[in-house]
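Right, one structure below, let's go through it.
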Amino acid sequence: MIKVRLFILTIFFFYTSFLFSQKDIDSLFYSSIKTIVKKYPKEHNIQKASLFFYQKNWDSTLVYSMKQLVIPNQKINLENYCHFLRGFSFKQKKLFKESKKEFYLISPEFHLYHIVRLLLGEIALEKKEFKEAINYFKEIEFLNDSKLLFIKKHTVTHNLGLCYLHLEEFDKAEFYLLESVRLQEQQKDSLMLVGSYGDIATLYYDQYRDNLAIPFFEKAYQLSKKTKDFQLKQNTALNMAVVEENRKDFPKALAYRKEFEQWKDSLNDQNKVWEVAQLEKQFAVKEKQKEVSLLQAENKIKIAERNGLFYSALVLLLLLGTGFYFYREKIKTNKIIVAQKETLDELNATKDKLFSIVSHDLRSSVNAMKTSNTKLRENLTTKNLDEIDALLHQNNTIANSTYNLLDNLLHWALLQTKQSYFEIISMRLFFIVEQVAFNYQPLLLEKNIQFENTVSKKDLIYADQESLKIILRNFLDNAIKFSNENGTIKIYSQNMDDNYCNLIIEDNGKGMTETTRTNLLKETTLLAKKENENTIGTGLGMQLCKSMIQKNKGKLDIESGLGKGTKIIVSLSKTVPNEQH
(Lines give C-alpha, C1' and ligand atoms only; values in the text may rest on other atoms or scores of the structure.)
Protein backbone atom coordinates (compact mmCIF):
# COMPACT_ATOMS: atom_id res chain seq x y z
CA MET A 1 0.00 0.00 0.00
CA ILE A 2 2.83 2.41 0.80
CA LYS A 3 4.44 1.97 -2.61
CA VAL A 4 1.12 2.60 -4.35
CA ARG A 5 0.50 5.81 -2.45
CA LEU A 6 3.99 7.16 -3.19
CA PHE A 7 3.59 6.40 -6.88
CA ILE A 8 0.41 8.47 -7.05
CA LEU A 9 2.16 11.38 -5.38
CA THR A 10 5.08 11.21 -7.82
CA ILE A 11 2.84 11.41 -10.88
CA PHE A 12 1.27 14.69 -9.91
CA PHE A 13 4.41 16.24 -8.46
CA PHE A 14 6.26 15.94 -11.76
CA TYR A 15 3.36 17.45 -13.64
CA THR A 16 2.86 20.45 -11.39
CA SER A 17 6.35 21.48 -10.37
CA PHE A 18 6.86 23.59 -13.53
CA LEU A 19 3.58 25.46 -13.57
CA PHE A 20 5.16 28.81 -14.29
CA SER A 21 7.48 27.61 -17.01
CA GLN A 22 4.84 25.77 -19.00
CA LYS A 23 1.71 27.86 -18.57
CA ASP A 24 2.43 31.44 -17.53
CA ILE A 25 5.16 32.25 -20.10
CA ASP A 26 2.59 33.56 -22.58
CA SER A 27 2.23 36.50 -24.93
CA LEU A 28 2.30 38.98 -22.03
CA PHE A 29 5.68 37.68 -20.91
CA TYR A 30 7.22 37.90 -24.38
CA SER A 31 5.66 41.31 -24.90
CA SER A 32 7.45 42.49 -21.76
CA ILE A 33 10.75 41.11 -23.10
CA LYS A 34 10.24 42.85 -26.46
CA THR A 35 9.60 46.15 -24.64
CA ILE A 36 13.01 45.90 -23.00
CA VAL A 37 14.77 45.02 -26.26
CA LYS A 38 13.33 48.03 -28.10
CA LYS A 39 15.20 50.32 -25.69
CA TYR A 40 18.57 49.06 -27.03
CA PRO A 41 18.30 48.99 -30.86
CA LYS A 42 22.07 49.34 -31.37
CA GLU A 43 23.04 46.46 -29.06
CA HIS A 44 23.26 43.65 -31.62
CA ASN A 45 24.23 40.93 -29.13
CA ILE A 46 21.17 41.49 -26.93
CA GLN A 47 18.96 41.62 -30.03
CA LYS A 48 20.25 38.21 -31.12
CA ALA A 49 20.00 36.79 -27.58
CA SER A 50 16.35 37.87 -27.40
CA LEU A 51 15.58 36.41 -30.82
CA PHE A 52 16.99 33.03 -29.82
CA PHE A 53 15.10 33.32 -26.51
CA TYR A 54 11.79 33.62 -28.40
CA GLN A 55 12.78 30.54 -30.42
CA LYS A 56 13.66 28.65 -27.20
CA ASN A 57 17.20 28.11 -28.47
CA TRP A 58 18.75 28.25 -25.01
CA ASP A 59 22.39 27.59 -26.00
CA SER A 60 22.49 30.49 -28.47
CA THR A 61 20.73 32.70 -25.91
CA LEU A 62 23.52 31.95 -23.43
CA VAL A 63 26.25 32.70 -25.98
CA TYR A 64 24.99 36.12 -27.10
CA SER A 65 23.90 37.27 -23.63
CA MET A 66 27.45 36.54 -22.41
CA LYS A 67 28.89 38.50 -25.35
CA GLN A 68 26.76 41.42 -24.23
CA LEU A 69 27.89 41.12 -20.61
CA VAL A 70 31.61 41.28 -21.44
CA ILE A 71 31.16 44.71 -23.02
CA PRO A 72 32.52 47.29 -20.51
CA ASN A 73 30.46 50.08 -18.90
CA GLN A 74 27.21 48.15 -19.17
CA LYS A 75 23.93 49.80 -18.16
CA ILE A 76 22.53 48.25 -14.97
CA ASN A 77 19.08 47.44 -16.44
CA LEU A 78 20.64 45.83 -19.52
CA GLU A 79 22.98 43.85 -17.27
CA ASN A 80 19.98 42.64 -15.20
CA TYR A 81 18.21 41.62 -18.39
CA CYS A 82 21.21 39.60 -19.60
CA HIS A 83 21.42 37.76 -16.26
CA PHE A 84 17.68 37.08 -16.45
CA LEU A 85 17.97 35.53 -19.94
CA ARG A 86 20.93 33.41 -18.81
CA GLY A 87 19.26 32.28 -15.58
CA PHE A 88 16.07 31.32 -17.41
CA SER A 89 18.01 29.45 -20.13
CA PHE A 90 20.06 27.50 -17.58
CA LYS A 91 16.84 26.58 -15.79
CA GLN A 92 15.32 25.23 -18.99
CA LYS A 93 18.48 23.14 -19.51
CA LYS A 94 18.16 21.75 -15.92
CA LEU A 95 21.45 23.40 -14.91
CA PHE A 96 20.01 24.71 -11.66
CA LYS A 97 23.27 25.67 -9.93
CA GLU A 98 24.29 27.97 -12.80
CA SER A 99 20.73 29.31 -13.04
CA LYS A 100 20.73 30.35 -9.38
CA LYS A 101 24.08 32.12 -9.78
CA GLU A 102 22.68 34.26 -12.59
CA PHE A 103 19.44 35.09 -10.75
CA TYR A 104 21.38 36.14 -7.61
CA LEU A 105 23.21 38.77 -9.72
CA ILE A 106 19.92 40.55 -10.56
CA SER A 107 19.22 43.68 -8.47
CA PRO A 108 15.82 44.21 -6.76
CA GLU A 109 15.15 47.27 -8.96
CA PHE A 110 14.69 45.02 -12.02
CA HIS A 111 11.02 45.17 -13.05
CA LEU A 112 10.83 41.36 -13.47
CA TYR A 113 12.36 40.79 -10.04
CA HIS A 114 9.23 39.04 -8.69
CA ILE A 115 9.44 36.60 -11.61
CA VAL A 116 13.03 35.91 -10.56
CA ARG A 117 11.91 35.04 -7.01
CA LEU A 118 9.27 32.67 -8.37
CA LEU A 119 11.82 30.98 -10.63
CA LEU A 120 14.21 30.56 -7.70
CA GLY A 121 11.36 28.98 -5.76
CA GLU A 122 10.67 26.56 -8.62
CA ILE A 123 14.34 25.58 -8.72
CA ALA A 124 14.32 24.86 -4.97
CA LEU A 125 11.08 22.87 -5.39
CA GLU A 126 12.61 20.83 -8.21
CA LYS A 127 15.69 20.12 -6.06
CA LYS A 128 13.37 19.13 -3.16
CA GLU A 129 14.68 21.96 -0.98
CA PHE A 130 11.17 22.68 0.22
CA LYS A 131 11.88 25.09 3.09
CA GLU A 132 14.00 27.28 0.83
CA ALA A 133 11.25 27.17 -1.81
CA ILE A 134 8.68 28.30 0.77
CA ASN A 135 10.80 31.37 1.62
CA TYR A 136 10.85 32.45 -2.05
CA PHE A 137 7.12 31.89 -2.58
CA LYS A 138 6.25 33.68 0.67
CA GLU A 139 8.01 36.81 -0.64
CA ILE A 140 5.44 37.17 -3.42
CA GLU A 141 2.42 35.48 -1.85
CA PHE A 142 0.54 38.65 -0.88
CA LEU A 143 1.54 40.93 -3.76
CA ASN A 144 -1.33 42.50 -5.69
CA ASP A 145 -1.92 41.85 -9.39
CA SER A 146 -0.06 44.98 -10.52
CA LYS A 147 3.06 43.79 -8.68
CA LEU A 148 2.72 40.19 -9.84
CA LEU A 149 2.47 41.36 -13.48
CA PHE A 150 1.48 38.23 -15.45
CA ILE A 151 2.12 35.64 -12.71
CA LYS A 152 -1.09 33.81 -11.86
CA LYS A 153 -1.98 33.93 -8.17
CA HIS A 154 -2.89 30.25 -8.06
CA THR A 155 0.62 29.32 -9.23
CA VAL A 156 2.16 30.69 -6.03
CA THR A 157 -0.46 29.18 -3.70
CA HIS A 158 -0.27 25.81 -5.44
CA ASN A 159 3.53 25.67 -5.17
CA LEU A 160 3.30 26.54 -1.46
CA GLY A 161 0.81 23.69 -1.04
CA LEU A 162 3.21 21.28 -2.75
CA CYS A 163 6.07 22.31 -0.47
CA TYR A 164 4.03 21.80 2.70
CA LEU A 165 2.74 18.48 1.33
CA HIS A 166 6.28 17.15 0.93
CA LEU A 167 7.19 18.47 4.38
CA GLU A 168 4.12 16.56 5.70
CA GLU A 169 2.64 19.73 7.17
CA PHE A 170 -0.76 18.59 6.02
CA ASP A 171 -2.93 21.38 7.49
CA LYS A 172 -0.99 24.10 5.68
CA ALA A 173 -0.79 22.00 2.52
CA GLU A 174 -4.57 21.52 2.58
CA PHE A 175 -5.19 25.28 2.98
CA TYR A 176 -2.98 26.32 0.07
CA LEU A 177 -4.01 23.52 -2.30
CA LEU A 178 -7.72 24.19 -1.75
CA GLU A 179 -7.13 27.93 -2.23
CA SER A 180 -5.30 27.30 -5.52
CA VAL A 181 -8.18 25.10 -6.72
CA ARG A 182 -10.66 27.86 -5.88
CA LEU A 183 -8.67 30.36 -7.97
CA GLN A 184 -8.23 27.92 -10.86
CA GLU A 185 -11.97 27.13 -10.89
CA GLN A 186 -12.67 30.86 -11.16
CA GLN A 187 -10.33 31.07 -14.17
CA LYS A 188 -11.64 27.76 -15.62
CA ASP A 189 -8.10 26.48 -16.13
CA SER A 190 -8.84 22.79 -16.88
CA LEU A 191 -5.24 21.60 -17.33
CA MET A 192 -4.14 23.13 -14.02
CA LEU A 193 -7.22 21.82 -12.21
CA VAL A 194 -6.48 18.22 -13.16
CA GLY A 195 -3.06 18.43 -11.51
CA SER A 196 -4.41 20.32 -8.48
CA TYR A 197 -7.22 17.82 -7.90
CA GLY A 198 -4.63 15.07 -8.04
CA ASP A 199 -2.39 16.82 -5.51
CA ILE A 200 -5.28 17.32 -3.06
CA ALA A 201 -6.23 13.67 -3.48
CA THR A 202 -2.63 12.71 -2.76
CA LEU A 203 -2.69 14.88 0.36
CA TYR A 204 -5.70 13.04 1.77
CA TYR A 205 -4.56 9.66 0.50
CA ASP A 206 -1.24 10.09 2.29
CA GLN A 207 -3.16 10.62 5.54
CA TYR A 208 -5.34 7.55 4.83
CA ARG A 209 -8.41 9.79 4.50
CA ASP A 210 -9.61 7.82 1.49
CA ASN A 211 -13.18 9.08 1.73
CA LEU A 212 -11.90 12.61 0.98
CA ALA A 213 -9.18 11.59 -1.48
CA ILE A 214 -11.19 9.41 -3.86
CA PRO A 215 -13.69 12.14 -4.96
CA PHE A 216 -10.77 14.34 -6.00
CA PHE A 217 -9.18 11.48 -7.94
CA GLU A 218 -12.52 11.04 -9.71
CA LYS A 219 -12.75 14.79 -10.41
CA ALA A 220 -9.27 14.76 -11.93
CA TYR A 221 -10.16 11.74 -14.06
CA GLN A 222 -13.44 13.22 -15.34
CA LEU A 223 -11.86 16.63 -16.07
CA SER A 224 -8.95 15.05 -17.96
CA LYS A 225 -11.45 13.71 -20.52
CA LYS A 226 -12.11 17.31 -21.61
CA THR A 227 -8.45 17.97 -22.35
CA LYS A 228 -6.28 16.94 -25.30
CA ASP A 229 -3.28 16.13 -23.10
CA PHE A 230 -2.55 12.40 -23.45
CA GLN A 231 -0.14 12.48 -20.50
CA LEU A 232 -2.88 13.80 -18.20
CA LYS A 233 -5.36 11.20 -19.42
CA GLN A 234 -2.79 8.47 -18.87
CA ASN A 235 -1.89 9.58 -15.32
CA THR A 236 -5.47 10.01 -14.11
CA ALA A 237 -6.51 6.61 -15.51
CA LEU A 238 -3.57 4.95 -13.75
CA ASN A 239 -4.43 6.63 -10.45
CA MET A 240 -8.04 5.45 -10.70
CA ALA A 241 -6.76 1.92 -11.36
CA VAL A 242 -4.65 2.07 -8.19
CA VAL A 243 -7.60 3.42 -6.19
CA GLU A 244 -9.90 0.63 -7.37
CA GLU A 245 -7.22 -1.98 -6.67
CA ASN A 246 -6.97 -0.73 -3.10
CA ARG A 247 -10.78 -0.92 -2.84
CA LYS A 248 -10.62 -4.51 -4.20
CA ASP A 249 -12.86 -3.61 -7.14
CA PHE A 250 -10.72 -5.49 -9.63
CA PRO A 251 -13.05 -5.30 -12.70
CA LYS A 252 -13.04 -1.50 -12.52
CA ALA A 253 -9.30 -1.50 -11.85
CA LEU A 254 -8.76 -3.66 -14.94
CA ALA A 255 -10.86 -1.29 -17.06
CA TYR A 256 -8.83 1.70 -15.89
CA ARG A 257 -5.60 -0.21 -16.54
CA LYS A 258 -6.73 -0.87 -20.12
CA GLU A 259 -7.55 2.81 -20.57
CA PHE A 260 -4.12 3.70 -19.16
CA GLU A 261 -2.43 1.43 -21.72
CA GLN A 262 -4.49 2.96 -24.55
CA TRP A 263 -3.44 6.51 -23.66
CA LYS A 264 0.13 5.32 -23.18
CA ASP A 265 0.14 3.83 -26.69
CA SER A 266 -1.41 7.03 -28.09
CA LEU A 267 1.31 9.14 -26.46
CA ASN A 268 4.03 6.82 -27.79
CA ASP A 269 2.52 6.96 -31.29
CA GLN A 270 2.45 10.77 -31.13
CA ASN A 271 6.12 10.87 -30.12
CA LYS A 272 7.08 8.39 -32.85
CA VAL A 273 5.32 10.46 -35.51
CA TRP A 274 7.28 13.52 -34.42
CA GLU A 275 10.56 11.57 -34.44
CA VAL A 276 9.89 10.16 -37.91
CA ALA A 277 9.05 13.65 -39.20
CA GLN A 278 12.32 14.98 -37.81
CA LEU A 279 14.28 12.13 -39.39
CA GLU A 280 12.59 12.71 -42.75
CA LYS A 281 13.45 16.39 -42.54
CA GLN A 282 17.10 15.63 -41.76
CA PHE A 283 17.22 13.08 -44.57
CA ALA A 284 15.78 15.58 -47.07
CA VAL A 285 18.39 18.18 -46.08
CA LYS A 286 21.20 15.66 -46.50
CA GLU A 287 19.92 14.62 -49.92
CA LYS A 288 19.90 18.26 -51.06
CA GLN A 289 23.42 18.70 -49.78
CA LYS A 290 24.51 15.60 -51.72
CA GLU A 291 22.96 16.98 -54.91
CA VAL A 292 24.80 20.29 -54.48
CA SER A 293 28.08 18.48 -53.80
CA LEU A 294 27.56 16.27 -56.86
CA LEU A 295 26.94 19.28 -59.12
CA GLN A 296 30.04 20.99 -57.75
CA ALA A 297 32.11 17.85 -58.35
CA GLU A 298 30.78 17.54 -61.92
CA ASN A 299 31.64 21.17 -62.65
CA LYS A 300 35.16 20.67 -61.34
CA ILE A 301 35.63 17.59 -63.58
CA LYS A 302 34.44 19.50 -66.66
CA ILE A 303 36.83 22.37 -65.92
CA ALA A 304 39.70 19.93 -65.38
CA GLU A 305 38.98 18.14 -68.67
CA ARG A 306 38.78 21.44 -70.62
CA ASN A 307 42.05 22.70 -69.17
CA GLY A 308 43.68 19.33 -69.79
CA LEU A 309 42.72 19.38 -73.46
CA PHE A 310 43.86 22.99 -73.84
CA TYR A 311 47.28 22.47 -72.30
CA SER A 312 47.77 19.05 -73.95
CA ALA A 313 47.48 20.78 -77.35
CA LEU A 314 50.40 23.04 -76.39
CA VAL A 315 52.83 20.63 -74.80
CA LEU A 316 53.04 16.84 -75.35
CA LEU A 317 54.80 16.37 -72.05
CA LEU A 318 51.91 17.98 -70.21
CA LEU A 319 49.52 15.65 -72.07
CA LEU A 320 51.50 12.60 -70.97
CA GLY A 321 51.67 13.91 -67.41
CA THR A 322 47.93 14.56 -67.36
CA GLY A 323 47.24 11.08 -68.74
CA PHE A 324 49.43 9.49 -66.10
CA TYR A 325 47.65 11.50 -63.40
CA PHE A 326 44.20 10.32 -64.48
CA TYR A 327 45.47 6.75 -64.72
CA ARG A 328 46.57 6.88 -61.09
CA GLU A 329 43.22 8.39 -60.07
CA LYS A 330 41.45 5.52 -61.83
CA ILE A 331 43.45 2.97 -59.86
CA LYS A 332 42.56 4.74 -56.60
CA THR A 333 38.89 4.80 -57.60
CA ASN A 334 38.92 1.08 -58.36
CA LYS A 335 40.45 0.33 -54.96
CA ILE A 336 37.76 2.41 -53.27
CA ILE A 337 35.03 0.58 -55.21
CA VAL A 338 36.44 -2.82 -54.21
CA ALA A 339 36.59 -1.78 -50.55
CA GLN A 340 33.04 -0.45 -50.70
CA LYS A 341 31.84 -3.71 -52.28
CA GLU A 342 33.39 -5.75 -49.46
CA THR A 343 31.74 -3.52 -46.86
CA LEU A 344 28.41 -3.78 -48.68
CA ASP A 345 28.64 -7.59 -48.80
CA GLU A 346 29.26 -7.67 -45.05
CA LEU A 347 26.32 -5.34 -44.39
CA ASN A 348 24.07 -7.46 -46.61
CA ALA A 349 25.07 -10.59 -44.68
CA THR A 350 24.22 -8.84 -41.41
CA LYS A 351 20.92 -7.58 -42.89
CA ASP A 352 19.92 -11.07 -44.07
CA LYS A 353 20.74 -12.60 -40.69
CA LEU A 354 18.88 -9.80 -38.91
CA PHE A 355 15.76 -10.17 -41.08
CA SER A 356 15.78 -13.94 -40.58
CA ILE A 357 15.97 -13.74 -36.77
CA VAL A 358 13.62 -10.77 -36.35
CA SER A 359 10.97 -12.22 -38.67
CA HIS A 360 11.15 -15.56 -36.80
CA ASP A 361 10.72 -13.90 -33.39
CA LEU A 362 7.95 -11.59 -34.58
CA ARG A 363 6.13 -14.57 -36.09
CA SER A 364 6.58 -16.48 -32.81
CA SER A 365 5.29 -13.60 -30.68
CA VAL A 366 2.28 -12.98 -32.94
CA ASN A 367 1.48 -16.71 -32.93
CA ALA A 368 1.78 -16.73 -29.10
CA MET A 369 -0.57 -13.74 -28.93
CA LYS A 370 -3.10 -15.50 -31.22
CA THR A 371 -3.00 -18.66 -29.08
CA SER A 372 -3.36 -16.64 -25.87
CA ASN A 373 -6.31 -14.66 -27.30
CA THR A 374 -8.04 -17.90 -28.27
CA LYS A 375 -7.70 -19.15 -24.70
CA LEU A 376 -8.85 -15.75 -23.44
CA ARG A 377 -12.09 -15.97 -25.46
CA GLU A 378 -12.70 -19.47 -24.11
CA ASN A 379 -12.20 -18.35 -20.52
CA LEU A 380 -14.40 -15.30 -21.04
CA THR A 381 -17.24 -17.71 -21.85
CA THR A 382 -16.66 -19.64 -18.61
CA LYS A 383 -15.83 -16.40 -16.69
CA ASN A 384 -12.66 -17.92 -15.29
CA LEU A 385 -11.25 -14.64 -13.88
CA ASP A 386 -8.00 -16.12 -12.57
CA GLU A 387 -7.12 -17.58 -15.95
CA ILE A 388 -8.23 -14.38 -17.73
CA ASP A 389 -5.93 -12.32 -15.47
CA ALA A 390 -3.00 -14.66 -16.18
CA LEU A 391 -3.62 -14.52 -19.94
CA LEU A 392 -3.85 -10.70 -19.91
CA HIS A 393 -0.52 -10.50 -18.07
CA GLN A 394 0.94 -12.92 -20.62
CA ASN A 395 -0.35 -10.78 -23.52
CA ASN A 396 1.07 -7.66 -21.87
CA THR A 397 4.48 -9.33 -21.54
CA ILE A 398 4.44 -10.42 -25.20
CA ALA A 399 3.40 -6.93 -26.36
CA ASN A 400 6.10 -5.19 -24.27
CA SER A 401 8.80 -7.57 -25.49
CA THR A 402 7.74 -7.15 -29.11
CA TYR A 403 7.68 -3.36 -28.72
CA ASN A 404 11.19 -3.39 -27.23
CA LEU A 405 12.36 -5.55 -30.15
CA LEU A 406 10.99 -3.08 -32.71
CA ASP A 407 12.38 -0.09 -30.78
CA ASN A 408 15.85 -1.66 -30.73
CA LEU A 409 15.51 -2.46 -34.44
CA LEU A 410 14.77 1.24 -35.17
CA HIS A 411 17.79 2.48 -33.22
CA TRP A 412 19.99 -0.25 -34.76
CA ALA A 413 18.95 0.88 -38.26
CA LEU A 414 19.64 4.54 -37.42
CA LEU A 415 23.04 3.61 -35.99
CA GLN A 416 24.01 1.49 -39.02
CA THR A 417 22.96 4.18 -41.50
CA LYS A 418 24.66 6.89 -39.40
CA GLN A 419 21.44 8.89 -39.09
CA SER A 420 21.37 8.96 -35.28
CA TYR A 421 22.25 12.23 -33.55
CA PHE A 422 25.10 11.82 -31.07
CA GLU A 423 26.50 14.45 -28.67
CA ILE A 424 28.67 13.75 -25.61
CA ILE A 425 27.88 16.11 -22.74
CA SER A 426 28.38 16.27 -18.98
CA MET A 427 25.53 14.87 -16.86
CA ARG A 428 24.65 13.55 -13.40
CA LEU A 429 24.38 9.75 -13.60
CA PHE A 430 21.86 9.45 -10.75
CA PHE A 431 19.16 11.50 -12.46
CA ILE A 432 19.45 9.60 -15.76
CA VAL A 433 18.97 6.31 -13.88
CA GLU A 434 15.97 7.79 -12.03
CA GLN A 435 14.32 8.87 -15.30
CA VAL A 436 14.72 5.46 -16.94
CA ALA A 437 13.72 3.46 -13.81
CA PHE A 438 10.55 5.55 -13.37
CA ASN A 439 9.08 4.11 -16.59
CA TYR A 440 9.58 0.55 -15.33
CA GLN A 441 7.66 0.95 -12.05
CA PRO A 442 4.57 -0.97 -13.36
CA LEU A 443 6.71 -3.95 -14.48
CA LEU A 444 8.56 -3.97 -11.14
CA LEU A 445 5.28 -3.93 -9.24
CA GLU A 446 3.84 -6.67 -11.44
CA LYS A 447 6.63 -9.10 -10.46
CA ASN A 448 6.93 -7.62 -6.94
CA ILE A 449 10.61 -6.85 -7.55
CA GLN A 450 12.39 -4.66 -5.03
CA PHE A 451 14.33 -1.92 -6.85
CA GLU A 452 17.16 0.16 -5.38
CA ASN A 453 18.97 3.10 -7.01
CA THR A 454 21.99 3.98 -4.89
CA VAL A 455 24.01 5.73 -7.60
CA SER A 456 25.84 8.64 -6.01
CA LYS A 457 24.34 12.02 -6.89
CA LYS A 458 27.90 13.37 -7.10
CA ASP A 459 28.92 11.08 -9.97
CA LEU A 460 29.50 13.19 -13.09
CA ILE A 461 30.08 11.41 -16.41
CA TYR A 462 30.46 12.37 -20.08
CA ALA A 463 28.17 10.56 -22.52
CA ASP A 464 25.42 11.00 -25.08
CA GLN A 465 22.21 11.25 -23.06
CA GLU A 466 19.80 9.50 -25.45
CA SER A 467 22.11 6.56 -26.20
CA LEU A 468 22.80 6.16 -22.45
CA LYS A 469 19.05 5.94 -21.83
CA ILE A 470 18.74 3.23 -24.52
CA ILE A 471 21.58 1.27 -22.85
CA LEU A 472 19.94 1.54 -19.42
CA ARG A 473 16.49 0.60 -20.78
CA ASN A 474 17.82 -2.57 -22.42
CA PHE A 475 19.81 -3.73 -19.40
CA LEU A 476 17.03 -2.90 -16.91
CA ASP A 477 14.47 -4.62 -19.14
CA ASN A 478 16.64 -7.76 -19.23
CA ALA A 479 17.14 -7.63 -15.47
CA ILE A 480 13.35 -7.58 -14.94
CA LYS A 481 12.76 -10.25 -17.61
CA PHE A 482 15.23 -12.73 -16.09
CA SER A 483 14.41 -11.97 -12.42
CA ASN A 484 12.18 -14.23 -10.37
CA GLU A 485 9.06 -13.14 -8.53
CA ASN A 486 9.90 -11.18 -5.32
CA GLY A 487 13.43 -10.66 -6.61
CA THR A 488 15.78 -7.71 -6.19
CA ILE A 489 17.39 -5.35 -8.72
CA LYS A 490 20.07 -2.89 -7.64
CA ILE A 491 21.70 -0.10 -9.63
CA TYR A 492 24.76 1.51 -8.07
CA SER A 493 28.05 3.12 -9.02
CA GLN A 494 31.71 2.49 -8.21
CA ASN A 495 34.64 4.84 -8.73
CA MET A 496 37.63 2.56 -9.31
CA ASP A 497 39.96 5.14 -10.90
CA ASP A 498 40.15 8.75 -12.10
CA ASN A 499 39.08 7.97 -15.68
CA TYR A 500 35.99 5.77 -15.39
CA CYS A 501 32.87 5.50 -13.28
CA ASN A 502 31.36 2.02 -13.17
CA LEU A 503 27.56 1.81 -13.41
CA ILE A 504 26.40 -1.63 -12.16
CA ILE A 505 22.98 -3.22 -12.81
CA GLU A 506 22.71 -6.24 -10.52
CA ASP A 507 19.89 -8.79 -10.19
CA ASN A 508 19.53 -12.07 -8.30
CA GLY A 509 17.67 -13.81 -11.14
CA LYS A 510 18.39 -16.75 -13.41
CA GLY A 511 21.93 -15.80 -14.41
CA MET A 512 23.79 -17.43 -17.34
CA THR A 513 26.49 -19.97 -18.15
CA GLU A 514 30.12 -19.00 -18.65
CA THR A 515 29.81 -19.84 -22.37
CA THR A 516 26.87 -17.46 -22.77
CA ARG A 517 28.69 -14.73 -20.83
CA THR A 518 31.79 -15.07 -23.03
CA ASN A 519 29.77 -15.03 -26.26
CA LEU A 520 27.88 -11.89 -25.20
CA LEU A 521 31.17 -10.01 -24.75
CA LYS A 522 32.62 -11.00 -28.13
CA GLU A 523 33.13 -8.32 -30.75
CA THR A 524 30.97 -9.42 -33.68
CA THR A 525 28.92 -7.71 -36.38
CA LEU A 526 26.53 -10.64 -36.88
CA LEU A 527 23.69 -11.44 -34.50
CA ALA A 528 23.50 -14.65 -32.48
CA LYS A 529 20.27 -16.60 -32.03
CA LYS A 530 18.77 -16.59 -28.54
CA GLU A 531 19.23 -19.63 -26.27
CA ASN A 532 15.87 -19.48 -24.48
CA GLU A 533 13.06 -20.12 -26.95
CA ASN A 534 10.48 -18.93 -24.39
CA THR A 535 11.88 -15.44 -24.40
CA ILE A 536 11.25 -12.94 -27.21
CA GLY A 537 14.52 -11.42 -28.36
CA THR A 538 17.25 -11.61 -30.97
CA GLY A 539 20.37 -10.47 -29.18
CA LEU A 540 19.92 -7.20 -31.08
CA GLY A 541 19.55 -5.26 -27.82
CA MET A 542 22.96 -6.47 -26.57
CA GLN A 543 24.61 -5.67 -29.93
CA LEU A 544 23.00 -2.22 -29.87
CA CYS A 545 24.20 -1.60 -26.30
CA LYS A 546 27.77 -2.70 -27.13
CA SER A 547 27.86 -0.38 -30.16
CA MET A 548 26.55 2.59 -28.18
CA ILE A 549 28.89 1.95 -25.23
CA GLN A 550 31.78 1.90 -27.71
CA LYS A 551 30.63 5.20 -29.26
CA ASN A 552 30.53 6.70 -25.75
CA LYS A 553 34.17 5.58 -25.26
CA GLY A 554 33.02 3.26 -22.49
CA LYS A 555 33.61 -0.40 -21.59
CA LEU A 556 31.32 -3.37 -20.85
CA ASP A 557 31.84 -6.35 -18.54
CA ILE A 558 29.51 -9.09 -17.23
CA GLU A 559 29.72 -11.15 -14.05
CA SER A 560 27.25 -14.03 -13.79
CA GLY A 561 26.66 -17.64 -12.89
CA LEU A 562 23.76 -19.95 -13.66
CA GLY A 563 21.16 -19.46 -10.93
CA LYS A 564 23.32 -16.81 -9.18
CA GLY A 565 22.08 -13.63 -10.84
CA THR A 566 23.90 -11.22 -13.13
CA LYS A 567 26.01 -8.07 -12.82
CA ILE A 568 26.20 -5.80 -15.88
CA ILE A 569 29.14 -3.39 -15.47
CA VAL A 570 29.18 -0.33 -17.77
CA SER A 571 32.29 1.83 -17.42
CA LEU A 572 31.64 5.45 -18.44
CA SER A 573 34.21 8.19 -18.93
CA LYS A 574 34.55 10.85 -16.20
CA THR A 575 36.41 13.17 -18.57
CA VAL A 576 35.71 14.48 -22.09
CA PRO A 577 36.75 11.72 -24.58
CA ASN A 578 39.51 12.61 -27.04
CA GLU A 579 37.32 11.80 -30.02
CA GLN A 580 33.62 12.60 -30.20
CA HIS A 581 31.32 11.26 -32.89
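The values are calculated or read from the model by the stated rules, or taken from the named source; none is laboratory data. Since this is a predicted model, take the numbers as computed values, not measurements. Positions of Cβ are generated from backbone atoms using ideal geometry, with glycine treated the same way; all protein chains shown enter the neighbour counts.
Below is a table of values for the structure above.
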item: Residues (of a type in the set (Asp, Glu) and assigned to a helix (DSSP H, G or I)) located in region 468-491; result: Asp477
item: Scan of region 154-209 for residues that are among the hydroxyl-bearing types (Ser, Thr, Tyr) and touching a Gly at 6+ places or on another chain (Cβ under 9 Å), ordered by number; result: Tyr176, Ser180, Ser196
item: Meets criteria (in the same structural domain as Leu562 (by TED's automatic domain parsing) and either assigned to a helix (DSSP H, G or I) or modelled with pLDDT under 85 (or both)) for Asn404; result: no
item: Residue in region 295-306 that is surrounded by 11 or more Cβ atoms within 10 Å (Cβ to Cβ), in a helix (DSSP H, G or I), at negative phi and free of Cβ contacts under 8 Å to residues at least 24 places away in the same chain present; result: yes
item: Sole residue being at pLDDT 90 or above and among the small types (Gly, Ala, Ser), chosen from Gly487, Gly563; result: Gly487
item: Residues of region 468-520 that turn out to be crowded, with 17+ Cβ neighbours inside 10 Å and at positive phi, as a count; result: 1
item: Residue in region 503-537 that is modelled with the lowest pLDDT, counting only those that are among the hydroxyl-bearing types (Ser, Thr, Tyr) and under 21 Å from Ile569 (Cα atoms); result: Thr524
item: Which listed residue, of Gln222, Gln262, Gln234, is at pLDDT 75 or above, buried (at least 16 other Cβ atoms within 10 Å of the Cβ) and over 25 Å from Asp171 (Cα atoms); result: Gln234
item: Evaluation of Lys94 against (1) within 25 Å of Arg428 (Cα to Cα); (2) of a type in the set (D, E, K, R); (3) touching a helix residue (DSSP H, G or I) at 6+ places or on another chain (Cβ under 6 Å) (one fails), failing number; result: (3)
item: Candidates Glu132, Glu185, Glu168, Glu98, filtered to the one that is part of a helix (DSSP H, G or I) and either under 28 Å from Ile214 (Cα atoms) or in contact with a His (Cβ under 8 Å, 6 or more places away or on another chain) (or both); result: Glu185
item: Qualifying residue in region 186-209 (condition: in the same structural domain as Glu244 (by TED's automatic domain parsing), closer than 27 Å to Phe88 by Cα and charged (D, E, K, R)); result: yes
item: Number of the exception - Ser190 against (1) touching a Leu at 6+ places or on another chain (Cβ under 8 Å); (2) under 24 Å from Ile33 (Cα atoms); result: (2)
item: Residue match in region 445-455 (condition: surrounded by fewer than 19 Cβ atoms within 10 Å (Cβ to Cβ), on the phi < 0 side of the Ramachandran plot, assigned to a loop (DSSP other than H, G, I, E, B) and modelled with pLDDT of 90 or more); result: yes
item: Some residue of region 127-137 being closer than 25 Å to Lys233 by Cα and either modelled with pLDDT under 85 or of a type in the set (S, T, N, Q) (or both); result: no
item: Those residues of region 188-228 which are among the basic types (Lys, Arg) and part of a helix (DSSP H, G or I), in sequence order; result: Lys219
item: Ile151 vs. criteria hydrophobic (A, V, I, L, M, F, W, C), in contact with an Asp or Glu (Cβ under 9 Å, 6 or more places away or on another chain), under 30 Å from Phe170 (Cβ atoms) and in contact (Cβ under 8 Å) with a residue 60 or more places away in the chain; result: yes
